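Below: one structure, written as C-alpha cells.
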Amino acid sequence: MGFIAHWKLLAAVLGMSGIAALISESDVPQYTVNDKAYYLTPEQQAFIRPGIDLTITGADIAEDGTITARFKITDPRGLPLEMAGVNTPGPVSVRFVASHIPAGASDYTAYTTTVQTSPITGNSVTQPAADSGGTFQQTGAGEYAYTFRTKAQNVDRNATHSIGAWAHRDLTEFDVETIQDDDSFVFTWVPAGGPVTNVHDMIKNEACNQCHNPLQAHDERRGLNLCVLCHYPGVIDPDTGNSVAMNVMTHKIHMGDQLPSVQAGTPYQIIGFRQSVADFSKVAFPGEIRNCAVCHQPDSGLPRATAFATTPSRAACGSCHDNVNFATGENHRGIVVQNDETCSSCHPAAHFQEFDTSVLGAHTVPTSSEQLPGVVFGITSVTNSQPGQTPTVTFTIKDKQGNAITPAQMSRLALVMGGPTKDYGQFFSENAIGAQTNTGDQYTYTMKTALPADATGSWAVGIEGYKNAPINTGGDTPTTVRDAGRNVVFYFPVTDATAQPRRQVVALEKCNVCHVNLMAHGGNRNTIEMCVICHNPNETDQDLRPADQGPPEGIDFRLLIHRIHTGEELQRDFTIFGFGGNANNFNEVAFPGDRRDCNTCHVNNSQQLPLPDDRLAVTDPRGFINPVGAETAACLGCHSSQAAASHALTNTTRLGEACAACHGVNRDFSVDRVHAR
C-alpha cells in the first residue's frame, strides 16, 4: 500500500471512529486563507501538519577541518519530522553552507565552494556553494548531525563562523505546497569559544520583505543572513564578469533601468544555474532610489545598520554610480580614489545638512526636503449641490507651519468633482487658482460645470496641486522643486440624506509599504481616494492616445493596477498613453512579491465575490470583452489570457455575472482558495 493510501485510510479511520474528536485544537497548526493547508479538514491538518521548522542546535570544526552541524526538524507545532518521510508525512531534504569572517574583515568567506567554468568565456572562478556528498546521522527523534564533505582550511578558531541551512519538505502528494515557516536558519559561533563580536548584520529581513513577501532565491533560501554567507566581495559571475557580492549585486538590481551603464546601452545581467540569464536592465524600483533608508534602516538596532553611511566604499557606491572610474577620477570630479579609507575624507560619517557630501546628505530626495514649506489642503464644505446646480467648494491651503497660502500663489491648483460615489462614472476637473477669498484663510470656488440633471446619490470633490519652491541643493543657484500637497477628497450628498463615501478597496498605507510615497501625474495625485475619481469604469486613454495607435486602453483602477502589477506575466500588450502623448508600457514590470496574496493591497476583504450588483460595467476597448462586468474586469486584470476571458464570458448572461457561483466566499474555488500558496 502506498503512502498516500495509508493517509487516506488513517483519515477514514479517524473520521469513523471518533478519534478525531480527541485531537486538541491547540495541536492543529493555525493557517491563514493564503495557505493551501487552510483548506484541509481538521483531521488532515492534524495528520499532515504541513510546514517545517529547522533549527541548528550546534556546530563544531575538528582539528583536521571536519565540519559538523547538529540540527532538528519539526512541524509547526514542534513534533519531530523524519527526513526519510516514512513515519512522518513528506520526506525532508536539508542543505548547508559554511562560512567565516576572517580577522580584520567585515564580510564572509565560504569554506564550501565549487569551481564554475563559463562556456561563454572559458573563465573559471571559485564560487561559494552548498556542500554536497556529506553524511547525515540520526541522533534522536527529528534530530540529526550532518558531517560536511568539505573540510575547512586554515581555520582561525577565534573568528566568527556561520553555518546556514535551508530545508524542503515534499508534500506534493497531498497537494499542499511546502511551507518554510521562517527564514533559513543561520547558526553563528566562535570555535574557540566566547561571544560573537564581529557580525555582518546590516539590513533586516523585514526591510526586504516589505516588497518581496518574502525574499527567496535559489530554491528555499530565505533571509539576508543566509545570502551574505555566499554573496561577498570577490565572487563573480564568470560568464559576464559581474560581481555577485551583496553590496554590489543588490544595488545594481534595484537601480535597474536607472544604472548609467544600462542607460548607455549595456544590459545588466547575471548568468546563473544551468546558464539561465537574469536580466535586471528593466527593473524599475517602486520608490525613490535615492532613499537609502528604505533598505538601510538606521534605527533598526542591527550592529552595522549605519555602516552604509559611515563607511562608504568604492564597490558599494560604484555599484549604483557605475559610470564612475575611481582610478582615473572620471565622473568623480577628477578625484582619484585608490583605497576605501580615503572615501570618508569627502563623504564624512556625520550628516551636517541636506545635499552635503555625506552619504545621507548626498542622497536627499528633493521632494522630501525639510526646506520645503509644504502645502496642506483642506476642504470644509460643498454647497449648492442639488442635481443640475453648480457646487461651491470652500477650502483652505496652508504650509506646514499653518500659514495661509492663497490660490494665486499656487503653481497649479485644481478641483476634481466626480460621482456618484457608489461607482464613479464621470468626473470634471477645473483650474481653481482664481478662487475667491471667503473669510480669513478660507477660499471658495464655484464649479463652472454643473452637476448632471439626473445626478443621484453622493458625489465627491478632490483638491490637487503644487507650489514651485526654491531649495538650496548646494549649487550656486537654488533648485526649484514641486512642493505638492496631499490630496483631500470631500464627499457631499446630492440626493442622499447624508454623504456616502466611496467604498475602500485598497489602502495607501499598503501601497507605500513598497512605493514609500506613491504619487503620479507630476506629484499632483497621491491618494487612492483621488485616483479612483478619474480612473473610473468609463475612462480610457482615448484623449491622449495617437490616432495611429489603435483603439484606446481602459484605465479603470482595477484594470490599471492589476495589469501594471502583473506586468511581465501579462499575455497581452498593456500600453497607456499619458500626458504629451507619451507611451507607458507596463509589460516589463516585475512584481517583487507574490501576487496571489491579495491582502498585500486589498482591505476589508474587498477582493471577495460577489461584488454588489450595482457596480458599473468597465470600458475595455482593447480587451476580449467590452464592456466587461465589474467582477470579470477585476479578474481579467491579472488573468489576461483569451481562455480566461472565454471562461468569464461563458459564465455571464443577460442576468449578470455568475462568478460567485464558483468563486464566492466559502466556495470550492473561492478567491482565497484559488490564490492560496
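The values are calculated or read from the model by the stated rules, or taken from the named source; none is laboratory data. As the structure is a prediction and not an experimental result, all values here were calculated from the model. All Cβ positions, glycine included, derive from the backbone under ideal geometry; neighbour counts span all protein chains shown. Ligands, DNA and RNA are stripped out before the accessible areas are found, and what is left, the full protein with its side chains, is counted by its heavy atoms. Shrake-Rupley method; radii C 1.70, N 1.55, O 1.52, S 1.80 Å.
Worth pointing out:
- Percent carbon-and-sulfur accessible area, the chain, ignoring ligands, DNA and RNA, probe 1.4 Å: 52 percent
- Straight-distance crosslink candidates among aspartates and glutamates, where the alpha carbon sits under 19 Å from LYS204 and sequence neighbours closer than 8 are dropped: ASP107, ASP181, ASP182, ASP183, GLU220, ASP299
- Theoretical FRET efficiency, 1/(1+(r/R0)^6), r = Cβ-Cβ of ALA661 and ARG622, R0 30 Å, to 0.05: 0.60
- The chain, relative contact order in percent, only Cα pairs under 8 angstrom and at least six apart counted: 8 percent
- Relative contact order, percent, segment 231-282 [alpha-carbon distance under 8 Å, six or more residues apart]: 29 percent
- Spatial separation of Cα centroids for segment 57-106 and segment 411-488, in angstrom: 60 Å
- Helix axis angle, 246-255 relative to the chain longest principal axis, alpha carbon, degrees: 20 degrees
- When both bridge partners sit in the chain, DSSP labels roughly 100% of those beta bridges antiparallel.
- Computed from Cα positions, the angle between helix 3-17 and the longest principal axis of the chain comes to roughly 70 degrees.
- Mean-position separation - Cα centroids, segment 333-347 and segment 543-570, in angstrom: 47 Å
- Judged by the mean number of other Cβ atoms found within 10 Å, the most tightly packed of the peptides 342-351, 200-209 leads the ranking 200-209, 342-351.
- Cα shape, the chain, gyration tensor, a/c 1.5 rule: oblate
- Distance between the C-alpha centres of segment 228-258 and segment 268-315: 9 Å, rounded to the whole angstrom.
- A simple spin-label model places the labels of SER118 and SER93 2.9 nm from each other, with each point 7 Å out along Cα-to-Cβ.
- Computed E for GLU173/GLU63 - FRET, C-beta separation, R0 45 angstrom, nearest 0.05: 0.50
- Between the amide H of ARG95 and those of TRP166, distances stay under 5 Å, these residues lying 5 or more places away or on another chain, with hydrogens modeled in the peptide plane.
- Highest mean packing comes first when the peptides 463-473, 564-574 are listed by Cβ atoms within 10 Å, giving 463-473, 564-574.
- Reach of LYS398 by Cα under 20 Å, taken over aspartates and glutamates that are not fewer than 8 positions away in the same chain: GLU370, ASP441, GLU464, ASP483
- Ranked by the mean number of other Cβ atoms within 10 Å of their residues, highest first, the peptides 384-392, 249-257 come out as 249-257, 384-392.
- Computed from Cα atoms, the angle from the helix 557-566 axis to the main principal axis of the chain rounds to 30 degrees.
- Listed residue pairs exceeding 31 Å between alpha carbons, taken from LYS400/LYS422; LYS252/LYS467; LYS252/LYS400; LYS36/LYS72: LYS400/LYS422; LYS252/LYS467; LYS252/LYS400
- At R0 = 25 Å, FRET efficiency that the Cβ-Cβ distance of ALA350 and ALA293 yields, to 0.05: 0.90
- Of GLY140, HIS212, MET202, farthest towards positive along the dipole that unit charges on Lys, Arg, Asp, Glu beta carbons give segment 132-233: MET202
- Sequence of PHE557, PHE185 when ordered by accessible area, the most exposed leading, probe 1.4 angstrom: PHE185, PHE557
- Adding -39500 (n - 2.57) for every DSSP H run of four residues or longer, then dividing by how many residues the chain holds, sets the calculated 222 nm ellipticity at -4500 deg cm²/dmol.
- Each other residue within a Cβ distance under 12 Å of VAL283 adds +1 if Lys or Arg and -1 if Asp or Glu, for a net charge of -2.
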